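Just so it is clear, none of the values below were taken in a lab; they were calculated from the coordinates. This structure is a prediction, so every number in the text was calculated from the model and none was measured. Glycine also receives a Cβ, built like all others from the backbone with ideal geometry; neighbour counts cover every protein chain displayed.
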Amino acid sequence: MGLFIRTDGDTSNTVIGIILLVMLLVFVGPTVIPRALSQSLTFFDEAIPCERLRMANDRGRHQSLIGTSAVDPLSIRVSPDPVPPPSSDAAATWRIRIIISNNTIGTVPIVYTPTDVIVGDATNRSGIGLLIFDNGNQEVQFSIPGNAPTNIGVTSYPDTAIRLLGPNQRCVHTERIPYSAIPQNIRGGAIVSAYYRITTDGVPPAVNANTPQIYSDQGLDVIDATIQGGRITSEAVIVPVNASAASSDANAG
């Protein structure tokens, strides 16, 4: 300790400063540092990929009462990269990251399938989606290659469609949209937000007569206890065109 603390005077302020610094790292670091790194390093995500979250297992008998009874347990953010410029690179993609967080000390279930994310909304569908507007504030809907909406109008969800967010855990879904799939009216910039919608609390699938259900539902309707179903939406983010890349392409030409 002699290397870090002066011994020729009052060291109480130094000790207090070190303690406060440690507390700051413990309580703020797990959130702020990963987010800062993810914004600076393209290969770094601030949380675990949503597809690697634990899958549900017999929701009729296994639930966290703390998580499913919490008020406003989930929040969602969107972190889009700039829209890629016109390029000769056929593999160019527009990366949009969606971060969904569990703000409770219990386990909270979400309906999630990696290839289920859509652009636009559907009131009878559960899951994660994107809302994209052009610079004139007109909504733009288009298909993402390889993705198709599921969980439309269903009342019971298979375990493979339910992922579990642990206490105070968040996950990241990364969508990479091929440049060829981006509509012309948002290639000059866009306004992007993300949402999570749940339409029902889910009916536990029947297992067998020897394993009676404990819960009458799958505990999925966690957004608003006063209504059936609900949607949470992130703040909208204004997305420019990747000017530096566009400049480089122009210079190269």
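Asn103 meets the conditions (1) in contact with a helix residue (DSSP H, G or I) (Cβ under 8 Å, 6 or more places away or on another chain); (2) surrounded by fewer than 18 Cβ atoms within 10 Å (Cβ to Cβ) in every case but one. The failed one is (1).
Listed here are the residues, each with its yes/no results for (1) of a type in the set (S, T, N, Q); (2) in contact with a Cys (Cβ under 9 Å, 6 or more places away or on another chain); (3) on the phi < 0 side of the Ramachandran plot.
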residue	(1), (2), (3)
Glu51	no, yes, yes
Arg59	no, no, yes
Gln63	yes, no, yes
Ala70	no, no, yes
Pro73	no, no, yes
Pro84	no, no, yes
Ala92	no, no, yes
Arg95	no, no, yes
Ser101	yes, yes, yes
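Look through the range 184-225, keep the residues that are outside any loop (DSSP other than H, G, I, E, B) and polar (S, T, N, Q), and return whichever of them is surrounded by the most Cβ atoms within 10 Å (Cβ to Cβ).
Of all residues in the range 184-225, those outside any loop (DSSP other than H, G, I, E, B) come to 184-186, 190-198.
From what's left, polar (S, T, N, Q): 184-185, 193.
Numbers: Gln184: 8, Asn185: 14, Ser193: 19.
Applying the filter and picking the extreme gives Ser193.
Applying the criterion of being touching a residue at least 40 places away in the same chain (Cβ under 8 Å) and in a loop (DSSP other than H, G, I, E, B) to the residues of the range 137-152, the residue that is nearest to the chain's Cα centre (by Cα) is Asn151.
For the range 165-183: of the residues being within 13 Å of the chain's Cα centre (by Cα) and assigned to a strand (DSSP E or B), which is surrounded by the fewest Cβ atoms within 10 Å (Cβ to Cβ)? Write out each step before concluding.
Within the range 165-183, the first condition is being within 13 Å of the chain's Cα centre (by Cα), and the residues that meet it are 165, 169-175.
This time we only want the ones that are assigned to a strand (DSSP E or B), so: 165, 170-175.
Values: Leu165: 27, Arg170: 22, Cys171: 23, Val172: 20, His173: 20, Thr174: 15, Glu175: 21.
The qualifying residue surrounded by the fewest Cβ atoms within 10 Å (Cβ to Cβ) is Thr174.
Could you tell me which of the residues Ile128, Ile96, Ile118, Ile105 is closer than 15 Å to Leu53 by Cβ, touching a residue at least 24 places away in the same chain (Cβ under 8 Å) and β-branched (Val, Ile, Thr)? The unique qualifying residue is Ile128.
Considering only the range 85-107, how many residues are closer than 20 Å to Ile232 by Cα and assigned to a loop (DSSP other than H, G, I, E, B)?
Result for the range 85-107: 5.
Only residues that are free of Cβ contacts under 8 Å to residues at least 12 places away in the same chain and among the acidic types (Asp, Glu) were counted in the range 198-223, giving 0.
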